[in-house]
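**Q** First the structure, then my questions, so here it is.
The values are calculated or read from the model by the stated rules, or taken from the named source; none is laboratory data. These figures come from a predicted structure and were not determined experimentally. Note: ideal-geometry Cβ built from the backbone for every residue, glycine included; neighbour counts use all protein chains shown. The area values use the complete protein model at the heavy-atom level, side chains included, leaving out ligands, DNA and RNA. Shrake-Rupley method; radii C 1.70, N 1.55, O 1.52, S 1.80 Å.
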Amino acid sequence: MSETLPSVVLFGASGGIGSETARLLRRDGFGVALVGRSAERLQALATEVDAPAIEADCSSLAEAEQAIAEAGAALGGVDAVVNCIGSLLLKPAHRTTEEEFEAVLRTNLHSAFSTLRAGAAAMKKGGSVVLLSTAAARLGLANHEAIAAAKAGVQGLALSAAASYASRGLRVNVVAPGLIETDMAAPILGSEVSRKASEGMHPLGRIGQPIEVARAIRFLVDPEQAFVTGQVLGVDGGLGTVRSRA
C-alpha cells in the first residue's frame, strides 16, 4: 500500500468512467485494484495500468465482499472504495417491464449497497466510499423513471451511510454526472440530431468527458479531503441545477 496515497478498490473498472478513473489514480500514484464483470476488458486495463484485476458481479454482496478481501490482500489494505457500476434504461414507466426495472435496481442500487456494506466492514479505521449517481436523480427527465429511481436510492443510501459512519472517520460521497461520452451513452449520441438535443440540455452546451468525472472521484478519495462527507457532487455541465438563458 502506498505510504502517501490510499489504496482504492474500483468497482465497474472496465466501463468508460471506471477505466478513466483507474488511469488517473494510477498516474497519480494511488494503489488500485480493478473489479468488474468483463474479464477481457478488465485484464487489458490491468495490463495497461499495472494493477490487479478481480472478476466479480458486485450486485451480489458475497461477491463484493470477496472482491474487497482479494483487493486488500493484493494491495496491503483498503483505504477507499469507488463504485462506477451503472446502466441506462430510457423508457416511460408504462413501457418498463418488471424484469427491466429489477435489473436496473440490481445493477445500480444493489451494487451500491453491496460495495458500501463490504467497504464499511473492511475500513474500520476510516477511509472513503464514492458512489455514482446521475443528474437525473434530482431532475425530472422524461423516460428516466427506472434509472432515476435507482440512482436517487444511491444518493439516499450515501447520505444515511455518511451519518452512520462519520464517527469512525469513514466518508461517504456521491458523484452525479450528466451525460458523459461513453459506450453506454452511445445509443443516445449516435445521431447528430440526438447529440445536438443532448448538448442543448446542458447549460455548458456540451457532453461531458470521462476524465472530468474521474477527477471528481479522485478529489473525493484523496485523504486531503478529510472534511468532505455526505455530499452529492454534480459533474453535469449545470444540468441538475442551472437553467441557461434562452
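**Q** Would you confirm, using the coordinates I've provided, whether Val193 is surrounded by 24 or more Cβ atoms within 10 Å (Cβ to Cβ) and β-branched (Val, Ile, Thr)? Spell out how you get there, then give the answer.
**A** Working: surrounded by 24 or more Cβ atoms within 10 Å (Cβ to Cβ): no; β-branched (Val, Ile, Thr): yes.
In short, no.
**Q** Related question: What helices (runs of 4 or more DSSP H), lying completely within region 151-246, carry at least 3 residues that are modelled with pLDDT of 95 or more and either touching a helix residue (DSSP H, G or I) at 6+ places or on another chain (Cβ under 8 Å) or of a type outside the set (A, V, I, L, M) (or both)? Show your work before the answer.
**A** Details: elements: 186-189, 192-201, 210-221.
By residue number, 210-221.
This table checks each residue for (1) open to solvent by less than 30 Å² (accessible area, probe 1.4 Å); (2) within 15 Å of Ser128 (Cα to Cα).
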{"site": "Arg206", "(1), (2)": "no, no"}
{"site": "Gln209", "(1), (2)": "no, no"}
{"site": "Val221", "(1), (2)": "yes, yes"}
{"site": "Thr229", "(1), (2)": "no, yes"}
{"site": "Asp236", "(1), (2)": "yes, no"}
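**Q** I've got another one for you. Which pairs have Cβ atoms under 6 Å, sit 6 or more apart or on different chains, and link a residue in region 141-158 that is at positive phi to one that is of a type in the set (A, V, I, L, M, F, W, C) and open to solvent by 30 Å² or more (accessible area, probe 1.4 Å)?
**A** Listed pairs, sorted by first residue: Asn143/Leu90.
**Q** Let me ask something else about it. Looking only at residues that are under 19 Å from Thr182 (Cα atoms) and assigned to a loop (DSSP other than H, G, I, E, B) in region 13-56, which one is farthest from the chain's Cα centre (by Cα)?
**A** Only one residue fits best here, namely Ser38.
**Q** Tally the residues that are of a type in the set (Lys, Arg) and either open to solvent by less than 30 Å² (accessible area, probe 1.4 Å) or within 17 Å of Ser59 (Cα to Cα) (or both), restricting the search to region 129-155. I'd like the intermediate steps shown before the answer.
**A** Taking region 129-155 as the starting set, the residues that turn out to be of a type in the set (Lys, Arg) are 138, 151.
Checking which are either open to solvent by less than 30 Å² (accessible area, probe 1.4 Å) or within 17 Å of Ser59 (Cα to Cα) (or both) leaves us with 151.
Matching residues across region 129-155 total 1.
**Q** Checking Ala121 against (1) of a type outside the set (S, T, N, Q); (2) open to solvent by 50 Å² or more (accessible area, probe 1.4 Å); (3) not in a helix (DSSP H, G or I): exactly one of these is not met. Which one?
**A** With (1) of a type outside the set (S, T, N, Q); (2) open to solvent by 50 Å² or more (accessible area, probe 1.4 Å); (3) not in a helix (DSSP H, G or I) applied to Ala121, the lone miss is (3).
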